[in-house]
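Before I ask anything, let me first share the structure, which is written out below as C-alpha cells.
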Amino acid sequence: MLFFGCKGEMHNEYIKVIDLVSAVWNMVKIDLSQFTTDVRYIPMESIPQTPLRWTYRNYSCFTEDYILDSDGEICILYDKYGHFIRQIGKEGRGPGEYAGIGQLFLTNNRAYVHDFFNDDLIEYNLDGTLIQKYKRLYSVGGKYININHGTSILINDSLIFVDLENFTGHDEYKSVLINKNGSIERFYKNYIFFDLAPKVQYANAPGKANIIKYGNSIFFKELLNDTLFQIDSNYDITPKYVFHLGKFNEPLSERGKDWSQIDLQSYITLTYVIPINDFLILGCALNKYFPVKRIHPEIIRLPSGEDYTSWYNTASVIGFYNTKSGDLKFSEPTSTDNRLSTSGFYNDIDAGPRFFPDKKVNDSTLIMKIRFDHLLQHIESNEFKNFTPKYPGKKKRLEILVDSLKKIEYEEPIYMLVTFRNS
C-alpha cells in the first residue's frame with residue numbers, strides 16, 4: 001500500500017528561520033572547549049593484505065562497538081579502537097560479492113553494502129557470512145527510480161529512506177521510504193520545480209543530500225533546498241528550520257542550465273546540518289567569498305601530467321546554531337599552508353587539528369577523518385609546537401601517538417572523535 005503526502009509540510013507556524021548571511025560575514029574564533037573536553041584519536045590498524053586506499057569520501061559507519069570502513073572497493077570491520085577484525089565480502093560477481101561500494105550501513109549485528117553498479121543491497125553477519133542479497137533494491141516494480149547515490153539511510157532493520165534526484169525539474173517526489181525488498185512504503189512530495197534550459201535533457205545532480213539520524217528522528221535536507229525536514233517515528237515529514245542565504249542562494253533559474261553555464265562560485269551552499277545535543281552544526285561552502293588563502297601555493301599534478309596551482313586548502317567554514325538560545329556563529333578561518341589549521345573549530349584542548357566533522361557517531365559524538373601525512377605536518381609545525389592548550393598532557397599524548405605511527409611508516413586514516421556536552 002502506498003502513502004502519499006507530508007504531514008505538516010505546508011504549515012509553517014513552528015518553522016524557525018535562521019539568517020546565515022550576517023553570521024557568515026561576521027565570523028569569530030570558536031574554541032572547541034566551548035563544547036567539550038573529550039577529544040580522542042583512533043588510528044585504523046594497518047593490514048598489508050587488505051590496505052584501504054585513501055579517499056576523501058567518508059564511507060565509515062559506527063556503532064558503540066564497531067567501525068565499518070571502505071575505500072569504495074573493499075569493506076573492513078574494526079573494533080571501536082580501530083583494531084582490524086575482518087574483511088566483509090569482496091569485489092566480484094559471485095554470491096556475497098559486490099562490483100563497487102556506494103554506501104555502507106552498520107547495525108549492532110549486521111553490516112550492509114550497497115553495490116551501486118547493480119543496485120543490490122547485500123546483508124552480512126558481522127562474522128562475514130552472507131545473510132542475503134536484495135537484488136535491484138532501487139528498481140521498484142521493474143522501474144528504476146532516480147536515487148541520489150550515497151544519500152540514503154537505514155532507519156531500522158527493514159526500512160531505508162532514500163533521496164531522489166529531480167532530473168526533469170518537475171519530478172513529483174523528492175524522497176521515498178522503501179523496504180529491503182525494494183517495495184515502496186511511502187513517497188514524499190516534491191515542492192521545488194524548475195524548467196530545463198533549451199537542449200538540456202536532464203538537470204545535473206546538485207550534490208548529496210544531508211540525511212542523518214538523531215534520537216528517534218531522521219533529519220533531511222536537500223543540498224540546494226533551504227529547509228531542514230524532520231521525519232518522526234511515524235515517518236511523517238515536517239519542516240523544522242529554514243536557512244536564509246538571500247542573494248547568495250543559488251536561484252531555481254540556474255538549476256535547469258547546462259552545468260558549464262552555472263557560476264557556482266557566486267553562491268554560498270549550506271552543505272550539511274548535524275543535530276547534536278542542543279546544537280545544529282553547520283558546514284557552509286563560501287566558494288569565492290572564502291576570506292583566506294594559503295601563504296604559498298600548492299602545486300598539484302593532474303592525471304594529464306599538467307600542474308595545477310592551488311591557493312586554497314578549502315573554501316568551507318563551520319559554525320553552530322544553539323537551538324535553545326538562538327545563538328548563531330561561524331568559526332573564522334586562517335591563512336595558512338597547514339590543511340588542518342585552515343578552517344574548523346579551534347582546537348584549544350590538545351593543540352591538534354581544528355575540528356571540521358564529517359559525520360555523526362552517535363547523538364553526542366562527531367568524527368573527522370584525517371590523512372596521517374596531514375596530521376604529521378600539523379604536529380611538526382611551529383603553530384603546534386608553540387601553542388599551549390588547556391590540557392598540555394593531552395597535547396603530549398597526541399605527540400607520542402603521532403611519533404609512534406611515524407616510526408612504523410603509518411599510512412592509514414586516523415579518526416578524530418569529539419564528544420559534545422549539553423549546553
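Throughout, read-outs are computed from the coordinates displayed, never taken from laboratory work. From a predicted model like this one, the values you see are computed outputs, not experimental measurements. Note that each Cβ is placed from the backbone with ideal geometry, even for glycine, and that neighbours are counted across all protein chains shown.
Would you please list the contacts, defined by Cβ atoms under 9 Å and residues six or more apart or on different chains, that run from a residue in the stretch 14-33 that is among the aromatic types (Phe, Trp, Tyr) to a residue that is assigned to a loop (DSSP other than H, G, I, E, B)?
Tyr14/Gly8
Any residue that is buried (at least 20 other Cβ atoms within 10 Å of the Cβ) and part of a strand (DSSP E or B) - is there at least one of those in the stretch 370-390?
yes
Name the one entry in Asp232, Asp258, Asp226, Asp263 that is within 17 Å of Asn190 (Cα to Cα) and of a type in the set (Asp, Glu).
Only one candidate qualifies: Asp226.
Does Thr323 qualify as being in contact with an Asp or Glu (Cβ under 6 Å, 6 or more places away or on another chain) and surrounded by 13 or more Cβ atoms within 10 Å (Cβ to Cβ)?
Yes.
Test each condition in (1) surrounded by fewer than 16 Cβ atoms within 10 Å (Cβ to Cβ); (2) outside any loop (DSSP other than H, G, I, E, B) for Gly207 and report the one that comes out false.
With (1) surrounded by fewer than 16 Cβ atoms within 10 Å (Cβ to Cβ); (2) outside any loop (DSSP other than H, G, I, E, B) applied to Gly207, the lone miss is (2).
Let me ask another. Among the residues of the stretch 285-306, count how many are more than 17 Å from Tyr267 (Cα to Cα) and of a type in the set (S, T, N, Q).
1
Moving on. Are any of the residues in the stretch 246-256 touching a Cys at 6+ places or on another chain (Cβ under 8 Å), of a type in the set (S, T, N, Q) and over 30 Å from Arg136 (Cβ atoms)?
Checked against the condition, which is being touching a Cys at 6+ places or on another chain (Cβ under 8 Å), of a type in the set (S, T, N, Q) and over 30 Å from Arg136 (Cβ atoms), the stretch 246-256 yields no hits at all.
Still on this model: Mind checking which residues of the stretch 334-346 are in a loop (DSSP other than H, G, I, E, B) and in contact with a strand residue (DSSP E or B) (Cβ under 6 Å, 6 or more places away or on another chain)?
Listed by number, the residues that qualify are Ser343, Gly344.
Conditions tested, residue by residue: (1) touching a residue at least 24 places away in the same chain (Cβ under 8 Å); (2) under 28 Å from Val317 (Cβ atoms).
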{"residue": "Ile155", "(1), (2)": "yes, no"}
{"residue": "Asp163", "(1), (2)": "yes, yes"}
{"residue": "Asn181", "(1), (2)": "yes, no"}
{"residue": "Phe193", "(1), (2)": "yes, no"}
{"residue": "Ile211", "(1), (2)": "yes, yes"}
{"residue": "Ser233", "(1), (2)": "no, no"}
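Among strands (runs of 3 or more DSSP E) lying entirely in the stretch 22-113, which contain 2 or more residues that are closer than 30 Å to Thr388 by Cβ and out of contact with any Asp or Glu (no Cβ under 6 Å at 6 or more places or on another chain)?
38-43
Right, next: Find the residue count for the stretch 249-277, including only residues that are surrounded by fewer than 16 Cβ atoms within 10 Å (Cβ to Cβ) and of a type in the set (Phe, Trp, Tyr).
Within the stretch 249-277, residues that are surrounded by fewer than 16 Cβ atoms within 10 Å (Cβ to Cβ) and of a type in the set (Phe, Trp, Tyr) number 1.
Can you pull out the residues in the stretch 409-423 that are closer than 17 Å to Tyr81 by Cβ and either exposed (fewer than 15 other Cβ atoms within 10 Å of the Cβ) or out of contact with any Gly (no Cβ under 9 Å at 6 or more places or on another chain) (or both)?
If the condition is that a residue be closer than 17 Å to Tyr81 by Cβ and either exposed (fewer than 15 other Cβ atoms within 10 Å of the Cβ) or out of contact with any Gly (no Cβ under 9 Å at 6 or more places or on another chain) (or both), then Tyr410, Pro413, Leu417, Val418, Thr419 are the ones that fit.
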